[in-house]
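Here is the structure we will look at.
Since every read-out is calculated from the coordinates, none of them should be taken as a lab result. Keep in mind it's a predicted model, so treat the numbers as computed, not measured. All Cβ positions, even for glycine, are placed from backbone atoms using ideal geometry, and neighbour counts span all protein chains on display.
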Amino acid sequence: MTRMTRREWIAAISAAPLLKGANAAPVAPVAINQCASYEEDVTAKLGVLFDRLGGLGSLVRGKTVTVKLNMTGSPAQRLQGLAPALTHYVHPKVVGGVAYHLGQAGARRIRFVESAWATAGPLEETMLDSGWNVRALQSAAAGVEFENTNALGKSKRYARFKVPGSAYMYPAYDLNRAFEDTDVFVSLAKLKNHATCGVTLSLKNCFGSLPASIYGDDAGVDEPNENPASGRGTVGHEGRRQPSKSAPQELRFGANRDPGYRVPRIVADLSAARPIHLAIVEGVESMAGGEGPWVQGVRTVKPGVLIAGLNPVCTDAVATAVMGYNPRAVRGTAPFQTCDNTMLLAEGRGAGAADLSRIDVRGVPIARALYRYDS
Amino acid sequence: MCVLACLALSGLAGGQAGVSPGLPKPADWVPARWPWSDAASLDLLAGGPINCLLVRPATAEFAAAAANRGLATLAIVVPGDDAPAAARRALAAKVTGIALEGDFSEAVAAEVRQSAGSAPVVELAPRSRMMANSAAAILATYQGVWPGLAVLEHVRAGPTGSAWIDTNTGFLRGVRASSDAPLWIANQPPARTVVTARRYLEAIADAGMSGARWVLALDQDFAARLARRDAQAVADWGRMLALAGYFERHPEWRGMLEYGKLALVQDPAKGGLLSGGILDMIAVKQTPVRPIPRQRLTPGALKDASLAVNLDADALTPEELAVLRDFTRSGGTLLTGPPGWKDQSPSGNAITLDQRELERLNDIWREVNSMVGRRNLGVRLFNAASMLSNFLISTDGRTAVLHLVNYSDYPVENVSVHFLGGYKRAALLAPGGVEKPLELYQTEDGWGADIDKVTVCASVRLEQ
């Protein structure tokens with residue numbers, strides 16, 4: 001098979017057929033900047049990225065900002081002994097840089113959240129277990145907080161997020177209160193493939209918002225298990241059980257147990273139920289072939305890019321193109337060989353357009369940022 | 001008569017009886033199996049800590065050459081030899097002593113000791129028998145697991161879990177808690193396996209951080225490369241000597257006490273002799289624990305402890321049970337093994353728990369894990385999944401040392417350590433003479449320090 005040139009690639013993905021409704025979905029600019037390594041001034045590079053979006057001030061000044069990180073899997077699992085931030089976690093330098101710019105833009109409170117793998121302990125401990133310098137993060141800006149959203153955490157009750165319109169999988173989701181007690185919601189993701197969803201970017205990152213206390217393998221049957229110690233395979237991925245009865249139950253339980261069908265739809269539901277205001281995809285160093293070291297055949301990659309946008313679907317569409325894929329590809333086509341395309345499903349929910357021809361890409365052009373994950 | 005002979009030899013402990021004046025005393029012996037018998041090979045030891053060579057066969061020329069360099073030699077006698085005669089022949093060649101390696105009957109061992117006269121006999125015994133001669137100058141076994149990250153079979157791919165580390169530390173720490181004698185572990189590299197230099201370093205550190213000495217042993221390939229002075233082999237050998245020397249430069253560490261607010265009461269002659277048991281399970285979770293042999297279970301042994309695990313309640317005497325009762329009455333939490341649980345003893349060549357026992361022990365382990373939770377029981381480590389640690393405290397309580405050994409093939413960066421207690425100074429020590437101060441910062445329950453990088457081994461020294 002002859003490989004397409006960059007020019008042909010851009011032309012092809014721009015001309016790809018649109019799904020019904022794509023024209024109606026909102027769009028927002030997406031910025032790309034190059035950053036070859038974490039030894040560069042990552043904070044300055046992020047500053048350029050945010051400036052290209054018009055700055056963060058109007059979005060965050062005087063507000064509480066919640067940033068969902070990507071720290072998937074146990075921090076003990078490493079690819080070739082590398083720190084997780086060099087492969088499948090967002091890098092703490094990027095996290096610190098984001099905190100700095102949010103602080104400079106006037107954010108009143110910056111709360112980093114993640115449903116840490118198999119624990120309800122403080123998120124700071126998972127960060128330490130990942131080799132992060134928590135004190136440095138705390139000093140990156142005023143008002144930095146951390147919350148492990150895998151259970152109730154510091155709150156007394158869960159917040160319910162109803163899926164507007166007709167939901168794909170669950171009518172609503174019960175999440176940690178941090179997702180509700182915020183003015184601005186940011187998804188800070190890693191540029192990666194995903195074994196179940198093809199790619200995992202700012203949208204898929206939010207699958208990790210689900211608390212294992214309710215959606216975990218060892219979630220309580222009736223009430224949440226506030227000491228979760230496992231993942232979310234049986235509920236979300238496989239549909240072999242319902243979440244705790246305290247939470248809204250799956251609409252058509254047992255109808256489809258294909259993870260490639262289920263997870264993209266849950267993510268699309270979540271994108272509508274808990275909208276993302278700022279999507280950041282970190283691809284300085286990463287892994288290809290899967291979302292974590294537990295996926296067979298993964299390898300390290302150095303795309304050297306930072307991507308951000310004010311619409312998660314647009315941002316993920318651009319990021320997918322940077323990875324060398326057509327963001328409008330359908331099931332059976334790379335990278336969605338065994339799954340549905342999350343971006344198109346989110347687009348169908350009205351969350352944003354995955355149509356590159358409608359997206360204003362600022363800074364480094366896609367063709368120059370292109371880093372083929374399947375090469 | 002045999003008992004008298006044993007007691008006589010026990011007088012060697014720390015002494016010089018039967019050892020030429022120019023040689024180090026047995027307690028200070030740093031041993032290695034020496035695969036060569038030419039005097040030139042001794043050049044490899046220059047500048048290193050190794051001062052006791054286990055050799056087979058033992059020749060008079062080699063023994064003399066070694067003695068001239070201040071090195072002790074032990075002739076290895078194994079089952080199948082006419083042990084007493086072999087010992088006599090070796091001693092006639094002027095070796096320093098005998099290394100009786102293998103599963104010998106007590107009668108044969110006694111005969112060898114008698115044949116050796118005042119010369120030291122180090123018994124490299126099976127684990128099940130090593131405590132029998134608890135008055136020995138040196139406690140030693142030839143049985144050990146080969147330390148390193150375990151490759152687990154039949155593990156479903158998924159974003160789970162911690163690595164399991166094959167280690168002798170639980171066994172060594174258990175034995176050390178019940179005896180003051182120097183402790184050697186003389187397991188050899190696995191056969192038909194490529195053994196990297198890194199794995200040798202792990203074996204040295206695994207024993208070293210537990211206060212024991214690994215009897216350094218080289219696989220055939222490495223020995224051949226080293227014999228022809230292959231540059232990489234020489235460099236690796238230098239690293240091995242440097243690491244062994246690191247522990248030898250700090251004899252004070254062997255006099256320190258294991259510390260942790262969690263105490264494990266175990267019979268050192270039973271489950272404590274096995275690897276992969278509860279002590280190793282706790283260690284892999286980075287929880288500091290002090291092993292207490294039930295025979296040394298006193299109120300003093302439980303000082304400062306807040307949690308205790310008593311594995312085999314039926315094995316305790318009424319006096320020992322009373323100590324635990326008082327512990328709980330004074331606010332301590334006690335976890336006992338399930339009814340009917342009997343601590344397994346090693347048998348035959350088995351030195352790890354069998355699958356059935358492992359499953360039973362898992363029940364206890366889950367309870368221990370739940371009891372410990374996220375509590376800081378002396379020290380908490382972060383980003384240390386591929387490491388094991390050992391937390392020691394001086395007898396006056398003013399100095400503590402945390403040993404860290406990394407069993408992965410890669411350096412671990414950015415390790416955070418949170419200590420209980422009011423320490424004023426901290427320093428990071430590493431092989432090669434590295435010593436640098438660490439910044440201490442306050443944490444929720446004490447003090448913290450960050451370590452940039454641990455290659456194979458490092459230690460944090462804390463001072464009040």
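A few notes on this one:
- Residue-averaged beta-carbon neighbours from other chains (10 angstrom radius) around A:70-78: 4
- Highest-MSF residue in chain A out of A:Val30, A:Val48, A:Val284 [GNM, Cα springs under 10 Å]: A:Val48
- Pairwise Cα inverse-distance average, inverted: Kirkwood Rh of the protein assembly as shown (Å): 29.6
- Applying 0.36 nm per residue to the separation of B:Ser330 and B:Asp409 and subtracting their alpha-carbon distance, the gain on full extension is 23.9 nm.
- DSSP bridge pairs, the stretch A:26-369: antiparallel proportion in percent, nearest 5: 50
- Nearby lysines by direct alpha-carbon distance to A:Lys204 (threshold 29 angstrom, same-chain neighbours under 8 apart not counted): A:Lys20, A:Lys45, A:Lys63, A:Lys68, A:Lys93, A:Lys154, A:Lys156, A:Lys162, A:Lys190, A:Lys192, A:Lys245, A:Lys302
- Per-q log10 I(q)/I(0), the stretch B:260-372, q = 0.11, 0.12, 0.15, 0.23 Å⁻¹ (Debye; single scatterer per alpha-carbon; no solvent): -0.31, -0.38, -0.59, -1.43
- Once the Cα-Cα distance is subtracted from the 0.36 nm per residue extended length, the B:Gln295 to B:Asp354 segment shows a gain of 18.7 nm.
- If you take all other residues with their beta carbon under 10 Å from the beta carbon of A:Glu125, and give Lys and Arg +1 and Asp and Glu -1, the sum is 0.
- Most fluctuating residue given options A:Ala308, A:Ala136, A:Ala212, as computed from a GNM of chain A linking Cα atoms under 10 Å: A:Ala136
- Range of Cα positions in the stretch A:26-369 per principal axis (Å), largest first: 49, 43, 41
- Size of electric dipole in the stretch B:379-463: Cβ of Lys, Arg +1 and of Asp, Glu -1, about Cα centre, debye, nearest 20: 200
- Computed magnitude of the charge dipole of the stretch B:260-372 (debye, nearest 20; Cβ of K, R +1, Cβ of D, E -1): 300
- Each Lys or Arg adds one and each Asp or Glu takes one away; over the other residues whose Cβ falls under 11 Å from the Cβ of B:Arg56, this sums to -1.
- Each Lys or Arg adds one and each Asp or Glu subtracts one; over the other residues with Cβ under 12 Å from the Cβ of B:Leu183, this totals +4.
- Helix axis angle, B:106-116 relative to chain B longest principal axis, alpha carbon, degrees: 50
- Taking every DSSP bridge with both residues inside the stretch B:2-248, close to 10 percent are antiparallel.
- Antiparallel %, DSSP beta bridges [both residues in the protein assembly as shown], to 5: 50
- Computed about the Cα centre, the dipole magnitude for the protein assembly as shown is approximately 1920 debye when only Lys and Arg (+1) and Asp and Glu (-1) carry charge, each at its Cβ.
- Relative to the longest principal axis of the Cα atoms of chain B, the long axis of helix B:318-329 lies at roughly 40 degrees.
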